[in-house]
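In what follows, a structure is listed as structure tokens, so that the remarks can point back to it.
The values are calculated or read from the model by the stated rules, or taken from the named source; none is laboratory data. Everything numeric in this text was worked out from a predicted model, so none of it was measured. All Cβ positions, glycine included, derive from the backbone under ideal geometry; neighbour counts span all protein chains shown. We work out accessible area using only protein heavy atoms, side chains counted, and drop any ligands, DNA or RNA first. Shrake-Rupley method; radii C 1.70, N 1.55, O 1.52, S 1.80 Å.
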Amino acid sequence: TFQQLFEPTVTPTPGPIIIMMPVATATPVPSGGGGGFFMTIVTASDILTGEDDATVGQNLAFVAATDPAGAATTLLDASANNSTKAGSVLAASVVADVNAGASILKELALADLSKSAALISAAADANAEAIGNAIVIASQDNTQNIGKLIASAASVDATAIGKTLAFAASVD
């Protein structure tokens, strides 16, 4: 035991530094468990070429839950090429998550209203009830901006927006 006191102590050497970063993938986040980390990305191309609007809409709603401005910008980019398809995806995202959809509407109301008008009209034509529900939620935060968005959209398609407002009125 006396000799052990004179032996040098072993100093542990540090291991390699590990930096963990999320991996971007177009795969939606699993709804439960899994332990993996996925970042969902939706591009304007995904919106325009996605065969299943419901799936693309669900992914867009997931994105909008954390980045509604990015989701709105992506929809406007897609709408420039095909407002009908982009509107259908917007309606599908509202069906997937009405609060995320309402967040997108709030961002669209802050964007270029002439560009947003065609998108909202197409979304209202695709699913007037869902868009009406999102309008109710979005207008609770800023009635004036949402009103401007609705008025702009009505100038594009008064019938679709009228149906949407009828559904919104039945809710609130």
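First select every other residue whose beta carbon is under 14 angstrom from the beta carbon of Ala78; then total the charges, Lys and Arg +1, Asp and Glu -1. It would help to have the intermediate numbers written out before the result.
Working: positive: Lys85, Lys115; negative: Asp46, Asp53, Asp77.
With Lys, Arg at +1 and Asp, Glu at -1, the neighbours total -1.
Which length gain, in nm to one decimal place, applies between Asp112 and Ala69 when the Cα-Cα distance is subtracted from 0.36 nm times their residue separation?
Details: separation 43, 0.36 × 43 = 15.48 nm, distance 1.26 nm.
Taking Asp112 through Ala69 to full extension adds about 14.2 nm, to one decimal.
Based on the Cα coordinates of the stretch 46-131, what is the per residue volume of their convex hull in Å³? Write down the numbers at each step before the final one.
On the way: hull volume 5.8 nm³, N = 86.
Taking the convex hull of the Cα positions in the stretch 46-131, it is 68 Å³ per residue.
Taking the mean number of other Cβ atoms within 10 Å as a proxy for protection, how do you rank 150-161, 54-65, 70-81, 123-134 from highest to lowest?
Numbers: 150-161: 18.3, 54-65: 22.7, 70-81: 20.9, 123-134: 25.1.
Per-residue mean Cβ counts within 10 Å order the peptides as 123-134, 54-65, 70-81, 150-161.
Tell me, what % of the accessible area of the stretch 83-167 is carbon and sulfur with a 1.4 angstrom probe? Display every interim value, and only then the final one.
Values: 1710 of 3440 Å².
Roughly 50 percent, rounded to a whole number.
In Å², what does the accessible area per residue of the stretch 120-169 work out to with a 1.4 Å probe? Please report the intermediate quantities before stating the final value.
Details: 2250 Å² over 50 residues.
Each residue of the stretch 120-169 exposes 45 Å² on average to a 1.4 Å probe.
Could you work out the local net charge near Pro68, counting Lys and Arg as +1, Asp and Glu as -1, over the other residues with Cβ closer than 14 Å to its Cβ? If you can, show how the numbers build up before the last one.
Values: positive: Lys106; negative: Asp67, Asp97, Glu107, Asp141.
Spelling it out: positives minus negatives among the neighbours equals -3.
With Cβ to Cβ distances under 12 Å as the rule, what net charge do the other residues near Ala126 carry (K, R +1; D, E -1)?
On the way: positive: Lys85, Lys163; negative: Asp53, Asp125, Glu129, Asp157.
After counting each charged neighbour, the total is -2.
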